1. Within the stretch 39-77, how many residues turn out to be on the phi > 0 side of the Ramachandran plot and either assigned to a helix (DSSP H, G or I) or basic (K, R) (or both)?
2. Could you list, in sequence order, the residues of the stretch 10-47 that are of a type in the set (K, R) and more than 18 Å from the chain's Cα centre (by Cα)?
3. Which of the strands (runs of 3 or more DSSP E) found entirely inside the stretch 122-194 contain at least 2 residues meeting this: within 18 Å of L89 (Cβ to Cβ)?
4. Looking only at the stretch 165-206, count how many residues are aliphatic (A, V, I, L, M) and either without any contact (Cβ under 8 Å) to a residue 24 or more places away in the chain or under 24 Å from G228 (Cβ atoms) (or both).
5. With respect to G269, determine if the residue is of a type outside the set (A, V, I, L, M, F, W, C), without any contact (Cβ under 8 Å) to a residue 60 or more places away in the chain, farther than 29 Å from I146 by Cβ and out of contact with any Gly (no Cβ under 9 Å at 6 or more places or on another chain).
6. Just give me the residues in the stretch 198-219 being touching a helix residue (DSSP H, G or I) at 6+ places or on another chain (Cβ under 9 Å) and within 16 Å of F11 (Cβ to Cβ), in sequence order.
7. Within the stretch 167-181, can one find any residue that is under 19 Å from N106 (Cβ atoms) and within 18 Å of the chain's Cα centre (by Cα)?
8. Here are S281, S213: which of them is surrounded by fewer than 18 Cβ atoms within 10 Å (Cβ to Cβ) and either in contact with a Cys (Cβ under 8 Å, 6 or more places away or on another chain) or within 28 Å of H59 (Cα to Cα) (or both)?
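The values are calculated or read from the model by the stated rules, or taken from the named source; none is laboratory data. Since the model is a prediction, treat every value here as computed from it, not as a measurement. Here the Cβ positions follow ideal geometry from the backbone for every residue, glycine too, while neighbour counts run over all protein chains shown.
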Amino acid sequence: MTDATLTPEDFKASVVAVPPIALTQSFKVSPEPNAALVSHIVAGGVSILLYGGNANLYHFGLDDYADALSVMEAASNRARIITSIGPDLGKMLDQAPLVERSHLRNVMLLPVAFPSDSHGVGDGIRRIAARLGFGVILYLKRELYIRPAVLEKLVAEGAVRFVKYAVERADPGEDEYLDSIVAAIGADLVASGMGETPTMNHIGRRGLATYTSGAVCIAPAAAMALLGRLRAGGLANDEPELATFLEFERVRMQLGGIQVLHSAVTASGIADMGPIMPLVSLVKERNMPEVMPVLKELLRLEKVARAIL
């Protein structure tokens, strides 16, 4: 059975968890701990999982990617799954047949750092969408990666169905690029893509559809409660629930976002994620004391949130 494409209403119904992928000591995808992590996330009320940056798919070869797709297909029996391809066009086209043989039909394009330009990105999106036979999710991670007018055309053509926006700002309230993206395609087609840090603005003020997060993998029920309060406008910057998520993001920024999440999931006892695919490394043991206090607080928040589900 083919998985249905996600709608704006689907995105509004859930925070998007962005999990790591568990590996064996020989750097092969390990099904059991991945399934355990999915079970934890889904039990907390989160219905969408996005495998991309935190899964470190940038560094997966075709055989490993095929194994990862098998894990994602198994997870799709319990949640809506987004896989990722790329970041370069050649890798996207190489991965496309594997996606086609799966039943997954929600695909995000990992962002290219260099070389690219707006019209070239647009042409590449059209090509990969035509190859897959359906529109894709676009990950925007740097200024003018694609111009809003080009993006508007791609959405009208059906080549792009949704956008993950992750261009970092010192002040999320001052973001002309995001304003122009929303003006071009609407807030319902955009997710905030930088964890909890900009959510007071992106969800509370701008009304984006949802947000993506790594901490959600550890505290899904707490994150769903946070999303509801953000939408209702009933959350202050200094409230403990948000402050804990923000502190986890601060530690991730300091020690590495992918690295901290992978190591923290293992340390949480939710699932043993094993090693991480190079060119990324695990958090060093000497730095884990910086991770553990906020990890324990996330687990405490999750326990409280699940008690009132």
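1. 0
2. Within the stretch 10-47, K28 is the sole residue that qualifies.
3. Working: elements: 136-140, 160-165, 190-192.
Those strands (runs of 3 or more DSSP E) span 136-140.
4. Count: 11.
5. yes
6. Residues satisfying the conditions are T199, H202, I203, R206, G207, L208, A209, T210, Y211, S213, V216.
7. We begin by selecting, within the stretch 167-181, every residue under 19 Å from N106 (Cβ atoms); these are none.
Within the stretch 167-181, not a single residue is under 19 Å from N106 (Cβ atoms) and within 18 Å of the chain's Cα centre (by Cα).
8. S281
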